[in-house]
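The values are calculated or read from the model by the stated rules, or taken from the named source; none is laboratory data. Just so we're clear, the structure is a prediction, and the values are computed from it rather than from any experiment. As a convention, Cβ positions derive from the backbone with ideal geometry for all residues, glycine included, and neighbour counts pool all protein chains shown. For accessibility, only protein heavy atoms count, side chains too; no ligands or nucleic acids. Shrake-Rupley method; radii C 1.70, N 1.55, O 1.52, S 1.80 Å.
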Amino acid sequence: MATTSTHDSLLDEISGPTPAQMLRKRIFGHQGFLIGAIVLILLTIVAILAPWLAPHDPYAQSLMSRMEPPVFLGGDWEHPLGTDHLGRDYLSRLIYGARISLLIGAVAALISGVIGTAMGVAAGYFGGKVDAVVTFLINVRLAMPVVLVALAVVAILGGSLQVVIGVLGLLLWDRFAVVMRASTMQVRRREYVAAAQVIGASTPRILLSEIMPNIANNLIVVVTLEMAHAILLEAALSFLGLGVQPPTPSWGLMVSEGKNMMLFEPWLVLIPGAVLFVLVLAINLMGDGLRDVTAPENRS
Amino acid sequence: MLQFILKRLGLAILVAFTVSFISFSLLFLSGDPAAALAGETASGEDVEALRRLYGFDRPMLVQYGDWLFSALQGDFGESYYFRLPVASLIADRLSVTMILGVCGITFALLTAVPLGVVAAIRPNSIIDRIALFISVAGQAMPSFWFGLILIVVFAIQLGWLPPSGTATWRHFILPTIVLGYYAMPAIMRLTRAGMLDVLSSDYIRTARAKGANETRVMFRHALRNAIIPVVSLAAVQMGFMLGGSIVVESIFALHGAGYLAWESIARNDLPTVQALILIFSMFYIVFTFLADVLNAWLDPRMRTS
């Protein structure tokens, strides 16, 4: 035993920490990343376990107990965060609202991620005409005002969860395309790509097993950014009355519903907005942290 | 330089035409625009009459050509709701949005650039941390929520500023902050990164070695070079902000083009929506074009790309 440990420590001394150990150290040494990840995981658990965690039915109205204040403003524990203008339990609506935000963020980022990554990688790898077309499409997309187009399309097609997710997914691919294009261009010039080409690997194979793994860290960072972006946009659309429709418990919609009573019951607006802020902040912190953790050489 | 400008101009025009086609196609997203216009209670004959009246019975490309030709002459048709020419309707409202946009970007630049510079001069100092916090919080802050909080605090609780409307310059203060805060993080990050980059360059060392005092080094040598990308970012952000003014205008009831867009969307007033999407896109295209040209003029290395 003794010899093994001496052997191990000797080995450590010669070779230094392994890449996995270094990664672990960077992850746990990065406060922003840790905080963001923990908050995001907690909110995801809350969203998944919503039926078991919510004290009440988020849709159940009670005209007898409308706009009861939260506990910290003199309310009772029956409704810890009070009730809204229809007497629905605010905490339960918040908990179910996490499902809407996270679902929209994740699926919209997935759709736009697939579209944008396909376009960006194709443009970066093939260059020439493909690149010109993709660059043109990115320019067109950037010129369109996102909020306005999303509002108009949702209004025409009717506000529902599917429509909102679809519209955001089809609109938010621009950053994926821009970043993936630039990353692919960098990676394409590396020796291992040339080596794969020389040994006759097929183009799909090069893209999937040489290019993709080496741009994956940038991709994950953009996924977090766009997820946050989609969540904020959904909230804004719902706030403007042209996103997810009532009685669905969307945080943006809750702010909008509380807006008219803001003068006397400001917590109706403050609570859902604060939760939204915390979720988006957590995702952004995690994204920024991921950028530092996966690419320490790019740290500014 | 001329070649660069012409190339960018050609691209901008091509983008503009594509955007115009997309915003026109929105009309057909609902399936049958005549039926949508007539409403659910209309009879089949009414729908047919409307279809002929508005020319929806013609091929889509012909309608597009017609619309585009009129639009190029400044005629965007008649608003379904207001029964007024869309062009004059938008012209009336655009000044509020433009004022808000200019105020917003000015506010963003006046706060973000100094913060970014100080953060770069003293990395990891308290000011750097505050700047970082503002930029991280700014990206996560839902603008409609931020606006409502400002209304509660400054208009209702303290009573310092009016909560909504456009009557005086004081009505623009809160909307300017909300809109400007949206552009601040990006500008601050770019200023900070640019300054850090420039400060470690050879010519700054040379300037210091010559004995130039620190203020002169910072402003005459460093900031002048670091600010170049910020100028073009500000132009691009300005384009984004005009498109984003829809949320801010609806919170503060500023009757600008963004508010008009919101009203028109809610009322299914498609000619107005089409025209507004096109106009906001044009602003973005013009601003990015100006940013590109400005960049190329300030930094000759950019002209090759």
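A few points about this structure:
- Fraction of accessible area attributable to carbon and sulfur, segment B:95-268 (%, probe 1.4 Å): 65
- Options B:Ala261, B:Val247, B:Asn213, ranked by Cα towards positive dipole end of segment B:95-268, top entry (Cβ charges): B:Asn213
- Straight-line cross-link partners of B:Lys210 among the lysines, defined as a Cα under 26 Å from its Cα and at least 8 positions apart when in the same chain, are absent.
- Residues of segment B:1-29 that bury at least 30 Å² of accessible area when the other protein chains are present, relative to the chain alone (probe 1.4 Å, heavy atoms, ligands and nucleic acids excluded): B:Leu11, B:Val15, B:Thr18, B:Val19, B:Ile22, B:Leu26, B:Leu29.
- Estimated translational diffusion coefficient (Stokes-Einstein, Kirkwood radius over Cα pairs, 10 °C, 1.306 mPa s) of segment A:134-255: 96 µm² per second.
- Remark: segment A:40-86 is approximated by an ellipsoid whose semi-axes, taken from the C-alpha gyration tensor as √(5λ), come to 23, 14, 8 Å, largest first.
- Two-decimal ratio, the protein assembly as shown, of alpha-carbon radius of gyration to 2.2 N^0.38 Å: 1.06
- Rounded to the nearest 10 degrees, the inclination of helix B:224-251 to the longest alpha-carbon principal axis of chain B is 40 degrees.
- Here the Kirkwood formula puts the hydrodynamic radius of segment A:65-174 at 16.9 Å, using every distinct Cα pair.
- The charge dipole of segment B:95-268, taken about its Cα centre with unit charges on the Cβ of Lys, Arg, Asp and Glu (plus for the first two, minus for the last two), comes to roughly 600 debye.
- Accessible area of chain A belonging to carbon and sulfur atoms, whole % at 1.4 Å probe: 67
- Against the empirical curve 2.2 N^0.38 Å, the C-alpha radius of gyration of segment B:95-268 lands at a ratio of 1.20.
- Each Cα pair under 8 Å and six or more residues apart adds its sequence gap; the mean of these over the residue count of segment B:95-268 is a relative contact order of 33 percent.
- Relative packing of A:72-85, B:14-27, A:273-286, which averages over residues the other C-beta atoms within 10 Å, highest first: A:273-286, B:14-27, A:72-85
- Chain A: proportion of alpha-carbon pairs further apart than 36 angstrom, %: 33
- Assuming charge only on the beta carbon of Lys and Arg (+1) and of Asp and Glu (-1), the dipole of the protein assembly as shown about its Cα centre is about 2180 debye to the nearest 20.
- Charged-residue dipole, Cβ positions (Lys, Arg, Asp, Glu), chain A about Cα centre, Debye nearest 20: 920
- Loss of accessible area when A meets B, both sides summed, Å² nearest 100, probe 1.4 Å: 3500
- Charge tally in the Cβ shell below 11 Å around B:Arg93, where Lys, Arg are +1 and Asp, Glu are -1, B:Arg93 excluded: -3
- Counting only protein heavy atoms and a 1.4 Å probe, the protein assembly as shown has 48 square angstrom of accessible area per residue.
- Chain B: most fluctuating residue of B:Leu132, B:Leu29, B:Leu11 per GNM, C-alpha cutoff 10 Å: B:Leu29
- Three principal axis extents of chain B based on alpha-carbon atoms, in descending order, are 85, 57, 29 Å.
- Leading residue at positive end of dipole, chain B (Cβ point charges), from B:Ser95, B:Pro114, B:Met60: B:Pro114
- The long axis of helix A:90-126 is offset from the longest Cα principal axis of chain A by roughly 30 degrees.
- Segment B:176-254 - Kirkwood radius from inverse mean 1/r over Cα pairs (Å): 14.4
- Cβ-based charge dipole, the protein assembly as shown, positive-most Cα from A:Gln186, A:Ser256, B:Gly74: A:Gln186
- Counting only other chain Cβ atoms within 10 Å of each residue's Cβ, the peptide B:252-263 averages 1.
- Surrounding net charge for A:Ile95, when Lys and Arg each add one and Asp and Glu each subtract one, Cβ distance under 15 Å: 0
- Helix A:19-29 vs. chain A, principal-axis angle (Cα, 0 to 90°, nearest 10): 30
- B:Glu78 long-range amide H proximity, modeled H, under 5 Å: B:Val86
- Whole-angstrom gap from segment A:224-238 to segment A:60-102, using each part's C-alpha centre: 24
- Inter-centroid distance (Cα atoms) of segment B:51-109 relative to segment B:165-191, Å: 26
- Under a 5 Å amide H cut-off, with hydrogens placed 1.01 Å from N, A:Thr83 pairs with A:Met67, A:Glu68, A:Tyr90 among residues at least 5 apart or on other chains.
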